Every structure is written in structure tokens, then in C-alpha cells.
């Protein structure tokens with residue numbers, strides 16, 4: 001089945017550090033990937049849609065300069081949390097959909113736990 | 001405004017009991033997906049429903065898509081502790097693949 005790999009799974013860093021999270025589709029190509037943020041025991045909140053070869057589309061209220069997204073290939077999207085602060089601590093999840101198959105569901109990575117001290 | 005209302009948000013039951021989770025909307029979806037998520041992991045797809053009125057079964061789980069494709073339900077028969085987790089419904093409105101998620105249902109099944 002379709003597999004999405006997310007790396008790293010856990011990051012702890014100091015305030016002011018920039019953190020990059022990778023999302024890879026391992027056995028399929030994805031022109032579109034999605035980045036979510038999730039707080040404990042809550043649902044997923046869509047942050048942005050990552051489009052291969054073009055700019056990401058951000059949801060209302062999400063700072064573009066804070067959360068930089070790059071989708072340079074059909075199998076890799078990255079989310080960089082720039083100058084992270086404690087309020088950025090959260091669980092970040094990516095998802096991707098196989099572009100070659102219609103009506104395919106999204107497949108999710110295992111998430112990245114980000115803790116900013 | 002929540003486009004996909006999921007209820008209940010919390011459910012604590014004893015092993016062997018039955019339960020139903022609902023997802024309702026005033027919007028029509030081209031498809032609706034149900035996911036289960038465990039702490040520290042990503043959501044895992046359980047089922048996708050596409051056709052209005054469709055019913056799908058996955059062992060003790062029964063999924064139904066409303067005739068008008070605006071609502072869905074998940075019914076679990078004889079719940080087991082291993083069913084514990086966060087259940088999420090998510091609807092697709094053909095907006096470039098974006099999913100609209102319900103609030104989630106935190107299920108706890110006690111032995």
C-alpha cells in the first residue's frame with residue numbers, strides 16, 4: 001500500500017531555532033501534499049497545501065513566513081518552522097495522495113512531535 | 001463554523017458494548033473517509049465511502065454513507081480495548097484533494 005514517511009519523528013530544540021520536517025511518498029508520486037497541525041486529543045488542522053513546482057497554498061491564519069514549505073519533487077515536501085518558539089510546539093503531520101489514481105484517499109505520515117524549549 | 005460535525009467527541013465504554021459515531025454536514029461530499037489514530041502516530045485509513053447509501057463492513061466496524069452524501073456513521077459492535085483511539089471522519093469536496101475533518105471522537109474501551 002501507499003506509504004508516507006515523515007522525518008524526524010521527534011525534535012526538541014531551543015527557542016529561536018529553525019526546524020525542517022520532511023515528508024516523502026515512498027512508493028508513489030504526489031503532486032500535492034498537505035501539512036497539518038494537531039494538538040493533544042484534537043482533530044487535525046490543515047495548515048497548507050504543498051504543490052510540486054509551485055508555491056504552497058496556506059490556510060487562513062497560518063503565517064507563510066513562519067512555516068516555509070518547499071515541494072521540489074514529486075516525492076518530497078518539506079516544512080520549515082522558522083525561528084521556532086514554545087507556542088509552535090505541536091504534533092505536525094503530513095499527508096499525500098497518489099496522483100495517478102483517481103479517488104485515492106490521503107495517506108498520512110507518522111507525524112513529528114516538535115517541542116521548543 | 002465547523003463544516004463537518006462529529007459526535008460524540010468523547011466516549012468511554014465497557015468492553016462488549018456497542019457504539020456509534022456520527023459525522024454530519026450541510027455540504028455534499030464526493031467521498032468520506034474514516035481514520036483511526038493512536039497517540040504519537042499518524043491517522044490510519046479505515047475505509048472510504050463514495051456512493052450515497054453505501055454500507056461497508058470491516059470486521060466489527062460498520063460504516064454508512066448517507067443517501068445525500070452529507071453524513072456518515074461508524075458503528076462498532078462488541079467493542080474491545082484494542083479499539084481505543086481517536087476516530088476521525090474526513091470529507092472530500094473536490095477542492096484539490098483537501099479534506100475537511102470532523103472534531104474527532106476519543107474512544108476509550110475499558111476491560
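Taken together, the values in this text are just the output of simple stated rules run on the coordinates, not laboratory data. These numbers come from a predicted model, not from an experiment. Here the Cβ positions follow ideal geometry from the backbone for every residue, glycine too, while neighbour counts run over all protein chains shown.
Tabulated results
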| quantity | calculated |
| --- | --- |
| Pairwise FRET efficiency - residue B:13 versus residue A:87, Cβ, R0 = 30 Å, nearest 0.05 | 0.25 |
| Peptide-level mean, for B:39-48, of C-beta atoms on other protein chains within 10 Å | 6 |
| Largest-first principal axis extents of the Cα set of segment A:68-117 (Å) | 42, 20, 12 |
| Highest average packing first - B:15-27, B:82-94, Cβ atoms within 10 Å | B:82-94, B:15-27 |
| Rg and Dmax of chain A, Cα atoms only, in Å | 13.5, 43 |
| Simple label model, 7 Å out from Cα along Cβ direction - residue B:108 to residue A:7, nm | 3.7 nm |
| Translational D in µm²/s for the protein assembly as shown (Stokes-Einstein at 4 °C, 1.567 mPa s, Kirkwood Rh from C-alpha pairs) | 71 µm²/s |
| Point-to-point label distance, residue B:75-residue A:55, nm (Cα→Cβ direction, 7 Å offset) | 4.9 nm |
| Per-selection Rg to Rh, chain B - Cα, Kirkwood hydrodynamic radius | 0.96 |
| Alpha-carbon centroids, segment A:73-111 and segment A:36-58: separation in whole Å | 7 Å |
| Average partner coverage of B:90-101, which counts Cβ from other chains inside 10 Å | 4 |
| Three-way shape call for segment A:28-76 based on the alpha-carbon gyration tensor, with the a/c threshold at 1.5 | oblate |
